[in-house]
Amino acid sequence: MWLGDDLLQNSFPRLLLNSENKGDGIGSYGKQVNGEWVWELRWRREEFEWEKILVEEFLSLCYHWECRG
């Protein structure tokens with residue numbers, strides 16, 4: 001998945017390692033609800049506190065920039 005000109009996996013490698021849906025298309029990370037994208041991130045294990053900050057950064061970037069699959 002791309003964010004601007006960079007792959008999200010390059011910016012957030014730790015999140016990708018813990019993701020249950022790594023390697024899947026963008027459709028596995030969320031869905032359209034009433035015409036808006038809703039993220040449904042699934043983790044292999046509970047995130048550490050510092051990883052929760054990464055998730056917040058990831059979501060903030062995606063809401064402000066166009067993410068492309």
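The values are calculated or read from the model by the stated rules, or taken from the named source; none is laboratory data. All figures in this text were calculated on a predicted structure; none of them were measured in a lab. Cβ: placed from backbone, ideal geometry, glycine included. Neighbour counts: every protein chain shown. For accessibility, only protein heavy atoms count, side chains too; no ligands or nucleic acids. Shrake-Rupley method; radii C 1.70, N 1.55, O 1.52, S 1.80 Å.
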Tell me, what is the FRET efficiency for residue 57 and residue 7 to the nearest 0.05, using R0 = 22 angstrom and their Cβ-Cβ distance as r? 0.90
Given unit charges at Cβ for Lys, Arg (+) and Asp, Glu (-), the dipole magnitude of segment 20-67 about its Cα centre in debye, nearest 20, is 200 debye
Which order do you get for 43, 50 if you rank them by accessible area with a 1.4 Å probe, largest at the top? 50, 43
Tell me, what is the 1.4 Å probe accessible area of residue 48, in Å² to the nearest 10? 100 Å²
